[in-house]
Amino acid sequence: MRLLVTGGAGFIGSNFVHYVYKHCPDWHITVLDKLTYAGDEKNLAGLEPNRFQFIKDDICDEATVDKVVADCDAIVHFAAETHVDNSLHGPDRFIYTNVVGTYQILEAVRKHDKRLHHVSTDEVYGDLEPDSTEKFSETTPYNPSSPYSATKAASDMLVRAWVRSYKIKATISNCSNNYGPYQHVEKFIPRAITNILLGQKPKLYGKGLNIRDWIYTEDHSSAVLAILEKGKLGETYMVGANGEKSNQEVLEMTLELMGKPKDWYEFVSDRPGHDLRYAIDARKIRAELGWTPAYTDFKKGLAATIEWYKNNRDWWQPQKAETEAKYKELGR
Ligand code: NAD
Ligand code: TDX
């Protein structure tokens, strides 16, 4: 198997590359990544050149995408602009990478008749009422709220149309919020951990009552590999690990694990259009593909994540000041 991974130098992509490298010893992996502010080649350290190749380029570049897709057997497409706050204050890059970039991948997949797995998010479904027991499933109607989720929804729609009209061999997964090592310090959990490590109070948007459904990123990797190997072509799979928590609960647990009083945080202004609650019904992937998450103890996963940020200051410190300067401008 010659596997192409787009966005493989980012948070989830690099975790996935290490997972496949370990679990599929006879596969060759090529990463195509533009190395935006969110990508770091260091995330892929330790991979032997006989089994791994890195190409720094843009998924919107038609000639590059055509060549790398022609040279592989299958593609897992992670590359995207991913931060909701960035999308609210500068949507153009999101349109370019998430929509046009996915279009270029689809056209190359169509031309060269390759297998594609498209990685998407639960945010395409909008949000749920905080006090309901309803969850997102594969049949929930799309209802995106932010420029980020609208562009991810657009990319999913393109994949569905290419499956229906051109019969490309593709699957889609819509996963909930990931956490774990190598996540950029702009995102909630790493931002809170690194603030605390630097002696600065972490920030809670609005009233802190918004709910996210957390999954340890290695469980996302095992789900994507299961879909790539056993998924039914043309199908969508929801991925989640029953990890619903309010932002306040997550922050209090982080503070407790790091030896701080549980109210040692600041409320800041809310994100415009802030989705209230996400929750995933993952019965289909569990029943049809036999996938189960391995990391179901959130507190344990959070403690491991805190340890990683404590031990890898060199990795996150260079990004921290610039990230916080951007937040300061937004008043968050
Ligand atoms: P990330 O922001 O950490 O990494 C994105 C990667 O894509 C970076 O390495 C970046 O350099 C690369 N990239 C961006 N634009 C590119 C372009 N034009 N050409 C080539 N490479 C480019 O993102 P992440 O959190 O790892 O998310 C990966 C995927 O998973 C995304 O598609 C995202 O929508 C999806 N997803 C993320 C989450 C989450 O909680 N983070 C949850 C569900 C789904
Ligand atoms: O400092 C903060 N304080 C805070 O309360 C930050 C950065 C965030 N928040 C809140 C906003 C959200 O309710 O925490 C929650 C999580 O925020 P993010 O980490 O920005 O994630 P979210 O907006 O939920 O989106 C994430 O999950 C789905 C990823 O960034 C997306 O790429 C993915 O598709």
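Just so you know, all these numbers are worked out from the coordinates, no wet-lab data involved. Only a predicted model underlies this, so the values are computations on that prediction, with no experimental measurement involved. Cβ sites come from the backbone with ideal geometry, for glycine too, and all protein chains shown count toward neighbours.
Could you please give the count of residues in region 128-183 that are basic (Lys, Arg), away from ligand 1 (no atom under 12 Å from the Cβ) and at negative phi?
Step one: list which residues in region 128-183 are basic (Lys, Arg), which gives 135, 152, 160, 164, 167, 169.
Pick out the ones that are also away from ligand 1 (no atom under 12 Å from the Cβ) and you get 135, 160, 164, 167, 169.
With at negative phi added as a condition, the list becomes 135, 160, 164, 169.
The qualifying residues number 4.
Can you go through 131, 113, 122 and tell me which one is within 12 Å of ligand 2 (Cβ to nearest atom) and either among the charged types (D, E, K, R) or over 20 Å from residue 284 (Cβ atoms) (or both)?
Details: 131 fails: within 12 Å of ligand 2 (Cβ to nearest atom); 113 fails: within 12 Å of ligand 2 (Cβ to nearest atom).
On inspection, the qualifying residue turns out to be 122.
Does region 279-332 hold any residues that are under 21 Å from residue 245 (Cα atoms), surrounded by 13 or more Cβ atoms within 10 Å (Cβ to Cβ) and among the aliphatic types (A, V, I, L, M), and which are they?
Across region 279-332, the qualifying residues are 279, 280, 282, 302, 303, 304, 306.
Taking region 57-94, which residues are surrounded by fewer than 19 Cβ atoms within 10 Å (Cβ to Cβ), in contact with a helix residue (DSSP H, G or I) (Cβ under 6 Å, 6 or more places away or on another chain) and either free of Cβ contacts under 8 Å to residues at least 12 places away in the same chain or assigned to a helix (DSSP H, G or I) (or both)?
62, 66, 70
Considering region 95-120 alone, what residues qualify as being more than 10 Å from ligand 1 (Cβ to nearest atom) and part of a strand (DSSP E or B)?
Scanning region 95-120 gives 115, 116, 117.
Test residue 29 against the stated conditions and say whether it is more than 13 Å from ligand 2 (Cβ to nearest atom) and without any contact (Cβ under 8 Å) to a residue 60 or more places away in the chain.
Taking the combined requirement at face value, the residue satisfies it.
Just checking, does region 39-52 include any residue being within 16 Å of ligand 2 (Cβ to nearest atom), buried (at least 24 other Cβ atoms within 10 Å of the Cβ) and under 17 Å from residue 77 (Cβ atoms)?
No, that holds for no residue.
If you go through region 258-278, how many residues are within 30 Å of residue 149 (Cα to Cα) and either outside any loop (DSSP other than H, G, I, E, B) or not acidic (Asp, Glu) (or both)?
Here is the first cut: in region 258-278, the ones within 30 Å of residue 149 (Cα to Cα) are 265-278.
Next cut, either outside any loop (DSSP other than H, G, I, E, B) or not acidic (Asp, Glu) (or both) only: 265-269, 271-274, 276-278.
Result for region 258-278: 12.
Considering each residue of region 9-57, count those that are closer than 15 Å to residue 69 by Cα and within 13 Å of ligand 1 (Cβ to nearest atom), and give that number.
8
Working only within region 121-169, note down all residues that are touching a helix residue (DSSP H, G or I) at 6+ places or on another chain (Cβ under 7 Å) and either part of a loop (DSSP other than H, G, I, E, B) or without any contact (Cβ under 8 Å) to a residue 24 or more places away in the chain (or both). Full working, then the answer.
If we filter region 121-169 for residues that are touching a helix residue (DSSP H, G or I) at 6+ places or on another chain (Cβ under 7 Å), which is where we start, we get 121, 123-124, 136, 138, 140, 142-144, 146-149, 151-156, 158-159, 162, 166, 168.
138, 140, 142, 143, 144, 146, 168 - these are the residues of region 121-169 that are touching a helix residue (DSSP H, G or I) at 6+ places or on another chain (Cβ under 7 Å) and either part of a loop (DSSP other than H, G, I, E, B) or without any contact (Cβ under 8 Å) to a residue 24 or more places away in the chain (or both).
Cβ contacts < 8 Å: first residue within 16 Å of ligand 1 (Cβ to nearest atom), restricted to region 319-332; second residue among the β-branched types (Val, Ile, Thr), any location; separation 6+ or different chain. Result?
Within 8 Å, the pairs are 319/185; 320/185; 320/194; 323/185.
Pairs needed: first member in region 303-315, among the basic types (Lys, Arg); second member anywhere, surrounded by 13 or more Cβ atoms within 10 Å (Cβ to Cβ); C-beta distance under 8 Å; at least 6 residues apart or different chains.
The qualifying pairs are 310/197; 313/197.
Is it true that residue 13 is within 23 Å of residue 223 (Cα to Cα), in contact with a strand residue (DSSP E or B) (Cβ under 9 Å, 6 or more places away or on another chain), assigned to a helix (DSSP H, G or I) and not aliphatic (A, V, I, L, M)?
Yes.
Say whether the condition of being among the β-branched types (Val, Ile, Thr) and farther than 30 Å from residue 324 by Cβ is met by at least one residue in region 35-44.
no
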